[in-house]
Amino acid sequence: MRAYTCRDFLALAWHGLNGNRMISRAAGLQLFALMLILTQDQEQSMIMVSTCCLVLNENGELWLMRRTAACRDEHERWGTCSGRLEEGWAADANMRRELLEELNVTPEKLEFIGYRDVFRMIGAGDPHYVSLDFLARVRSEDVTIMEPEKHDQGEWFRLDSLPAPLHSDMLVWLAKYRQYLSAHDQTYVQRKFDHGWEGSHDGG
């Protein structure tokens with residue numbers, strides 16, 4: 001009988017994330033996050049898993065918040081909603097919890113769109129995050145900043161008029177996922193939420 005390795009399970013998760021029929025995307029996402037946690041050396045590694053979300057309203061505008069000095073880093077920079085994947089939480093449920101905690105909102109639509117390697121430069125213990133990325137559709141009037149000590153401003157922005165300075169991670173976000181967003185075509189945004197983001201489940 002063959003002994004299956006962590007690499008085998010990661011390969012299976014990859015099939016799920018890319019829409020192959022060996023395993024569902026939802027199962028692939030959960031398996032991928034689990035294997036990342038299980039394969040890291042807790043004493044030697046600072047690899048962590050987080051969930052991050054681009055939040056769009058009915059007009060295709062992007063919600064961003066300005067970080068205060070109470071945040072760990074990137075002070076006075078504009079960023080989005082995110083949080084570490086907590087033990088025992090599925091990735092999509094973790095993202096929904098973060099949206100509720102930070103914005104007091106339950107998304108009308110929540111779609112997994114991909115993952116990224118994130119290397120943060122914050123001192124001697126610079127962590128490496130694997131970010132599981134989502135896109136959420138909400139109504140503008142439903143959003144409220146719930147942690148004003150961490151975010152002193154929050155606004156809706158068109159993609160062609162984003163504020164400055166942006167969180168360094170946002171530059172990576174926009175480079176990778178801009179093709180799935182449109183500040184100019186509300187119909188496109190609605191269609192994508194209605195029918196899914198086929199072809200977007202990649203890591204490159």
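The values are calculated or read from the model by the stated rules, or taken from the named source; none is laboratory data. Because the structure is a prediction, the values reported are computed rather than measured. Cβ atoms come from the backbone with ideal geometry, glycine included; neighbour counts cover every protein chain shown.
Scan (1) touching a residue at least 40 places away in the same chain (Cβ under 8 Å); (2) surrounded by fewer than 20 Cβ atoms within 10 Å (Cβ to Cβ); (3) assigned to a loop (DSSP other than H, G, I, E, B) for the single condition V118 breaks and write down its number.
So V118 meets the others, but not (3).
Rundown of residues vs (1) in contact with a Cys (Cβ under 7 Å, 6 or more places away or on another chain); (2) modelled with pLDDT of 85 or more; (3) part of a strand (DSSP E or B); (4) assigned by TED's automatic domain parsing to the domain that holds D169, yes/no style:
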position: W89; (1), (2), (3), (4): no, yes, no, yes
position: M95; (1), (2), (3), (4): yes, yes, no, yes
position: E101; (1), (2), (3), (4): no, yes, no, yes
position: P107; (1), (2), (3), (4): no, yes, no, yes
position: G114; (1), (2), (3), (4): no, yes, yes, yes
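Determine whether segment 98-111 contains at least one residue that is in contact with a Lys or Arg (Cβ under 6 Å, 6 or more places away or on another chain) and surrounded by fewer than 19 Cβ atoms within 10 Å (Cβ to Cβ).
yes
Only one of these is of a type in the set (A, V, I, L, M) and without any contact (Cβ under 8 Å) to a residue 60 or more places away in the chain: M146, M170. Name it.
M146 is the lone residue from the list that is of a type in the set (A, V, I, L, M) and without any contact (Cβ under 8 Å) to a residue 60 or more places away in the chain.
Among all residue pairs at least 6 apart or on different chains, which show Cβ distances below 7 Å where the first residue, located in segment 95-114, is without any contact (Cβ under 8 Å) to a residue 40 or more places away in the chain and closer than 14 Å to I145 by Cα and the second is small (G, A, S) and assigned to a loop (DSSP other than H, G, I, E, B)?
Cβ pairs passing all conditions: none.
Which ones in segment 59-86 are touching a residue at least 12 places away in the same chain (Cβ under 8 Å) and loosely packed, with under 15 Cβ neighbours inside 10 Å?
N59, A70, R72, D73, E76, R84 - these are the residues of segment 59-86 that are touching a residue at least 12 places away in the same chain (Cβ under 8 Å) and loosely packed, with under 15 Cβ neighbours inside 10 Å.
Being over 17 Å from the mean Cα position of the chain (by Cα) and not charged (D, E, K, R) is the filter; apply it to segment 61-89 and report the residue that is farthest from E149 (Cα to Cα).
Across segment 61-89, the extreme among qualifying residues is G88.
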